[in-house]
Each structure stands twice: as structure tokens, then as C-alpha cells.
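A short worksheet on the structure shown next.
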Amino acid sequence: MDRNNEDAGPATLLLVGSSGGHLAQLLALRPWFERWPRCWVTFDTPEAVSLLADEQVVAAHHPTTRNLPNLLRNTRLAWRVLRRRRIAAVVTTGAGVAVPFVVLARLRRIPTVYIEVYDRIDTPTLTARLCRPFLSVMLVQWDEQRRQYPEATVVGTLL
């Protein structure tokens, strides 16, 4: 069985993030991602629908904070998305929706990239701590964040 389902079309960049600030930080990467076929995974909120009007979007289940049923729903969703599409890489800024996508992508040998959010400088986010063992690349926005993530690459602020 092919890990990326070659019959699913061209390789796609999967951008995963909660709505709000996480989505805004992913959208700041537009100059980089706009040349790639892509699909978004985020919440079906008015803001996300508006910002991603011309994009391919998969709606994730929310809320994700301390919500085991939605974690299980999003794990099933991640399994389906990663099985049915030919994913080149998963890129995320968190939050909870990212965990099942990162874990399952890594288990399928799909590269995973996590960008720590800009407003957590002194302490790591829970999502980063959960995803970290499954990451191909860890990126941070501040030099100070490298105290928590010495292996990370500083990319500068996105917003």
C-alpha cells in the first residue's frame, strides 16, 4: 500500500490549524504556499469560511480543548484525509486539531512541520509538546523560544 495514495492527484500541502490566531499565522505564509496545491483543515467558523473562501477546506470538529469525543472525531478525520489524498507535508501552528494530523502523518512517513505560535515565548504550548516527538521540523518565531526547543529553526515572526 502506497503511503500517499498515488491515485489521489498531485501532492498536496496540508495546512492544519485552529481558527483565529493559528489560522492567521498560517495565512501569513501565503507567499510560500501559494505555488503549491493545498488543502486546509480548520474549524467551520464564519471567519475561517471568509478567509478561505477560494481554498479547499476540510472542516474539523471543535472545540478541541479537553474534548475527548472531538479528539476521536478529528483522529478519524485525519485518517481519512491522509489516506485519500497524496499529501506532500503537513504544516501546522496548532492548536489541538493538529495533534492527530501530525501523529498520523508521521506514522505514514509524511513530513510534518510545526510552527510554534508567536505569543508563547517563555513556555511551550501543550500542542507543541504533544506533537514534538512526531515532527520532521520544528520552527519558532523568536530566538527566546529556542530555550524550549533547542532543535528548532528560528524563522521570525509571521504576523
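The values are calculated or read from the model by the stated rules, or taken from the named source; none is laboratory data. Not measured: the values here are computed from a predicted model. Reconstructed Cβ throughout: ideal geometry from the backbone, glycine too, with neighbour counts over all protein chains shown.
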By residue number, the members of the stretch 114-130 that are farther than 20 Å from LEU71 by Cα and not in a loop (DSSP other than H, G, I, E, B) are ILE115
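Yes/no matrix, rows are residues, columns are (1) more than 16 Å from HIS22 (Cα to Cα); (2) hydrophobic (A, V, I, L, M, F, W, C):
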residue: LEU51; (1), (2): no, yes
residue: ARG85; (1), (2): yes, no
residue: THR93; (1), (2): no, no
residue: ALA128; (1), (2): no, yes
residue: PHE134; (1), (2): yes, yes
residue: GLY156; (1), (2): no, no
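Would you confirm, using the coordinates I've provided, whether ALA59 is within 18 Å of THR12 (Cβ to Cβ) and among the small types (Gly, Ala, Ser)?
yes
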Has the stretch 44-66 got at least one residue that is within 15 Å of the chain's Cα centre (by Cα), loosely packed, with under 13 Cβ neighbours inside 10 Å and either closer than 23 Å to LEU139 by Cα or modelled with pLDDT under 95 (or both)? no
Taking the stretch 71-107 and keeping residues of a type in the set (D, E, K, R) and buried (at least 19 other Cβ atoms within 10 Å of the Cβ) leaves ARG85
Would you check which residues across the stretch 133-157 are surrounded by fewer than 17 Cβ atoms within 10 Å (Cβ to Cβ) and of a type outside the set (Asp, Glu) and list them? PRO133, SER136, VAL137, ARG146, ARG147, PRO150, THR153, VAL154, VAL155, GLY156, THR157
Could you say which residue among ALA78, ALA95, ALA28 is under 12 Å from the mean Cα position of the chain (by Cα) and under 27 Å from PRO150 (Cβ atoms)? ALA95
